[in-house]
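Asks: Here's a structure for you.
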Amino acid sequence: MFRCIARTTVTVLCLMCGLCRGQQDVPDSAIYATFFRQVAQLKSGATVLLNGRNSGLVQPSVPESMGLTDGETEILHALATNCDAKTRTLDEAVRPAIFEARLQLIESADKPARVRLVQQRLNDIENRRNQIVRVCIDELARAFGDERFEVVQAYIWSRKNADFFPPIPK
């Protein structure tokens with residue numbers, strides 16, 4: 001009996017681990033959108049201020065952080081800037097629609113059909129945003145090739161719960 005429970009537990013944990021590992025290869029649009037935004041806004045070499053005072057830290061460049069060549073850095077920056085501009089444009093264009101949809105959700109909480117319609121509208125907007133980011137990811141993968149794209153992907157996954165470009169000492 002104990003062996004059966006232990007074997008079942010180990011099997012379930014292995015399956016869960018396998019599923020999690022399999023999902024690591026699937027690009028997460030939110031993480032990539034944040035990464036692209038930070039790359040687009042990165043001002044390398046800038047002094048980092050803390051409470052208005054020089055902290056003794058500087059903002060690193062993409063090559064310093066990720067080990068990319070100058071050519072790869074130019075490609076990444078161009079794609080990141082393009083992606084960030086497109087997502088910002090979408091965000092600005094749909095912001096009033098999102099606000100209106102949320103107000104309608106509050107007003108029609110007791111009308112399930114109306115709630116589903118509004119939620120579908122919000123989901124469509126989010127799907128459009130994710131599609132923009134996925135296109136940018138695909139362009140980056142094509143431009144870099146499989147091997148170099150894996151370097152970028154590994155960097156993103158290693159930093160996904162932190163700042164992508166943390167300050168470094170001068």
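Asks: Scan the stretch 120-136 for residues that are among the basic types (K, R) and over 18 Å from T34 (Cβ atoms) and report the count.
Replies: Of the residues in the stretch 120-136, 1 are among the basic types (K, R) and over 18 Å from T34 (Cβ atoms).
Asks: Turning to a different aspect of this structure: Which members of the stretch 51-62 meet the condition of being assigned to a loop (DSSP other than H, G, I, E, B) and open to solvent by less than 60 Å² (accessible area, probe 1.4 Å)?
Replies: Answer for the stretch 51-62, where residues must be assigned to a loop (DSSP other than H, G, I, E, B) and open to solvent by less than 60 Å² (accessible area, probe 1.4 Å): Q59, P60, S61.
Asks: (1) loosely packed, with under 14 Cβ neighbours inside 10 Å; (2) touching a strand residue (DSSP E or B) at 6+ places or on another chain (Cβ under 7 Å): which one isn't true of P167, the others all being true?
Replies: If we test P167 against (1) loosely packed, with under 14 Cβ neighbours inside 10 Å; (2) touching a strand residue (DSSP E or B) at 6+ places or on another chain (Cβ under 7 Å), just (1) comes out false.
Residues are listed down the side, and each one gets a yes or a no for (1) open to solvent by 60 Å² or more (accessible area, probe 1.4 Å); (2) at pLDDT 90 or above; (3) not in a helix (DSSP H, G or I):
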site: A33; (1), (2), (3): no, yes, no
site: Q38; (1), (2), (3): no, yes, no
site: K43; (1), (2), (3): yes, no, yes
site: L49; (1), (2), (3): yes, no, yes
site: T87; (1), (2), (3): no, yes, no
site: L90; (1), (2), (3): no, no, no
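Asks: On the basis of being surrounded by 15 or more Cβ atoms within 10 Å (Cβ to Cβ), assigned to a helix (DSSP H, G or I) and among the hydrophobic types (A, V, I, L, M, F, W, C), does A141 make the cut?
Replies: Yes; evaluated as a whole, the condition is true for this residue.
Asks: May I pose another question? Which residue is nearest to the chain's Cα centre (by Cα), if the candidates are limited to the stretch 67-78 and must be open to solvent by 20 Å² or more (accessible area, probe 1.4 Å) and not polar (S, T, N, Q)?
Replies: H77
Asks: Given the conditions (1) open to solvent by 40 Å² or more (accessible area, probe 1.4 Å); (2) within 16 Å of S29 (Cβ to Cβ); (3) in a helix (DSSP H, G or I); (4) in contact (Cβ under 8 Å) with a residue 60 or more places away in the chain, and given that K160 satisfies all but one, which numbered condition is not satisfied?
Replies: So K160 meets the others, but not (3).
Asks: Okay, moving on. Test R116 against the criterion of being open to solvent by 40 Å² or more (accessible area, probe 1.4 Å), part of a helix (DSSP H, G or I) and under 20 Å from A30 (Cβ atoms), and give yes or no.
Replies: no
Asks: Could I ask something else about it? Residue under question is E107, and the condition is that it be open to solvent by 90 Å² or more (accessible area, probe 1.4 Å) and under 20 Å from the mean Cα position of the chain (by Cα); does it hold?
Replies: no
Asks: With respect to A101, is the statement that it is part of a helix (DSSP H, G or I), open to solvent by less than 70 Å² (accessible area, probe 1.4 Å) and farther than 19 Å from T34 by Cα true?
Replies: yes
Asks: Is there any pair linking a residue in the stretch 60-72 that is free of Cβ contacts under 8 Å to residues at least 40 places away in the same chain to one that is surrounded by fewer than 11 Cβ atoms within 10 Å (Cβ to Cβ) and among the hydroxyl-bearing types (S, T, Y), with Cβ under 9 Å and at least six apart or on different chains, and which?
Replies: That search, which allows pairs on different chains as well, returns P63/T69.
The values are calculated or read from the model by the stated rules, or taken from the named source; none is laboratory data. Because the structure is a prediction, the values reported are computed rather than measured. Every residue, glycine among them, receives a Cβ derived from its backbone with ideal geometry; neighbour counts consider all protein chains shown. We work out accessible area using only protein heavy atoms, side chains counted, and drop any ligands, DNA or RNA first. Shrake-Rupley method; radii C 1.70, N 1.55, O 1.52, S 1.80 Å.
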